[in-house]
Structure formats: C-alpha cells, structure tokens
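**Q** After the structure tokens below, expect a handful of questions from me.
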Amino acid sequence: MEVRRAIDDLHTSLEHIAAEDQLLAVIADRLTALRQSYPSYRSLFTPSDIEFLKSLGAISNHLRAFLDLKEELVNVNSLQEYEDIVSRLSRAKGALASFRVARRIAKEIRELNERLPAIRRHEEAQRQFRLNGRILDLEQNPAGARAITQW
C-alpha cells in the first residue's frame with residue numbers, strides 16, 4: 001500500500017464524498033491500512049500526516065453520531081425531541097462544516113424544520129388527549145375530585 005496515496009485519498013474523500021456512510025467506510029478502510037503500514041513505513045508519515053490522521057477519529061465519531069441521529073429523525077414527535085435532535089445535528093454540522101457531508105446534515109435539519117408544524121400539532125393533540133382523559137376520570141369519580149380540591 002502506498003502511504004502518500006492513501007493519505008491523499010482520505011483528503012479527497014473528505015472534500016468530495018457527501019454520503020456519510022460511504023465516507024465513514026472509506027475512513028475506516030484507509031485508517032486500518034495505514035495503521036498496518038505505519039510500523040514498516042514510519043518515515044513516510046510526516047508530522048502533519050499524523051495530526052491529520054488523528055483528527056479522523058473525531059470526524060468518524062461525528063459521522064457515526066449523524067448516522068445514529070438519522071435513525072431517530074423518523075420518530076420525532078415532541079418539541080423536546082425536536083430541539084434535542086436539532087441541537088445534536090447542529091453540533092455535528094459545525095464539526096464537519098469544512099466537509100461536503102455537512103450539506104447532508106444541513107438537508108436533514110431543513111427537512112426536520114419543515115416537519116415542525118406537524119410536530120407541534122401532534123404534541124398539542126397529545127396534551128389535549130391527556131387533559132380530556134383526566135377530565136373524564138374526574139367526572140367519573142367526583143369524590144376523587146372533591147378530595148383533590150380540599151387538599
């Protein structure tokens with residue numbers, strides 16, 4: 001394996017690959033190969049190469065976090081979940097801002113923002129359902145209602 005070509009390929013991949021799963025696979029593949037090459041070809045790794053390769057750990061973590069968040073996006077039904085996921089997506093987007101994959105994260109944030117009115121309606125419907133259920137409970141058990149008001 002040619003060390004310089006593998007490192008350059010990693011730089012190019014970060015600049016051009018927008019698909020987070022594909023980028024994560026490329027990073028994992030190249031890092032594995034470079035780790036195996038390092039003991040034999042240590043002199044071919046410059047200090048800046050080593051720093052770059054170390055930074056890929058954090059980049060990989062943010063890509064994994066984004067992949068996990070994509071699975072959660074389908075089930076966002078409350079404002080609290082919405083705010084939590086948008087916050088986490090924004091952190092990942094900020095950390096990956098200089099790479100093409102950040103556009104994918106921005107797209108997911110936009111799509112989630114488009115769902116915000118529906119999320120609000122769903123949350124309001126849930127709140128109203130709980131309120132109606134409590135009113136029904138109190139109407140069916142007026143003694144319990146009196147005990148609550150006397151307390």
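Each reported figure results from applying straightforward, stated rules to the coordinates on display, with no laboratory input. On a predicted model such as this, the values are computed, not experimentally measured, just so you know. Methodologically, a virtual Cβ is constructed for each residue, glycine included, from the backbone with ideal geometry; neighbour enumeration extends over all protein chains shown.
**Q** So what are the ³J(HN,Hα) numbers for the stretch 66-75, from phi and the Karplus equation (6.51, -1.76, 1.60; θ = phi - 60°), rounded to whole Hz, Gly and Pro as x?
**A** Computed from phi, the couplings for the stretch 66-75 are 5, 4, 5, 5, 4, 5, 6, 4, 5, 9 Hz.
**Q** Here is a follow-up. Contour minus end-to-end for residue 122 and residue 90, with contour as 0.36 nm per residue of separation and end-to-end as the Cα-Cα distance? Please report the intermediate quantities before stating the final value.
**A** On the way: separation 32, 0.36 × 32 = 11.52 nm, distance 2.36 nm.
So the chain would gain 9.2 nm between residue 122 and residue 90.
**Q** Mind checking which of 92, 28, 76 is farthest towards the positive end of the stretch 3-117's charge dipole, using Cβ charges of +1 (Lys, Arg) and -1 (Asp, Glu) about the Cα centre?
**A** Sorting the options by dipole projection puts first 28.
**Q** How large is Rg/Rh for the chain, to two decimals, with Cα atoms and a Kirkwood Rh?
**A** 1.31
**Q** Helix-derived [θ] at 222 nm for the chain: sum -39500 (n - 2.57) over DSSP H runs of at least 4, divide by residue count, nearest 500?
**A** The helix contribution divided over the chain gives -28500 deg cm²/dmol.
**Q** Mind giving me the FRET efficiency for residue 100 and residue 28? R0 is 22 Å, r the Cβ-Cβ distance, nearest 0.05 is fine.
**A** Step by step, r from the Cβ atoms, then E = 0.80.
**Q** Quote the charge dipole size of the stretch 3-117 about the Cα centre in Debye, to the nearest 20; the model charges only the Cβ of Lys and Arg (+1) and of Asp and Glu (-1).
**A** I would put it at about 400 debye.
**Q** In nm, give the distance between the simple-model label positions of residue 36 and residue 115, each being 7 Å from the Cα along the Cα-to-Cβ direction.
**A** Distance between label points: 4.0 nm.
**Q** Now a separate question. In whole Hz, what ³J(HN,Hα) sequence does the stretch 89-99 give by Karplus (6.51, -1.76, 1.60; θ = phi - 60°), x for Gly and Pro?
**A** Result, ordered by residue: 5, 5, 4, 5, 4, x, 5, 10, 4, 7, 10 Hz.
**Q** Next question. At 0.36 nm per residue, minus the direct Cα-Cα distance, what do residue 48 and residue 71 gain on full extension? Give it in nm, one decimal, please. All intermediate terms of the calculation are to be shown ahead of the outcome.
**A** Details: separation 23, 0.36 × 23 = 8.28 nm, distance 3.52 nm.
The residue 48-residue 71 span can extend by a further 4.8 nm.
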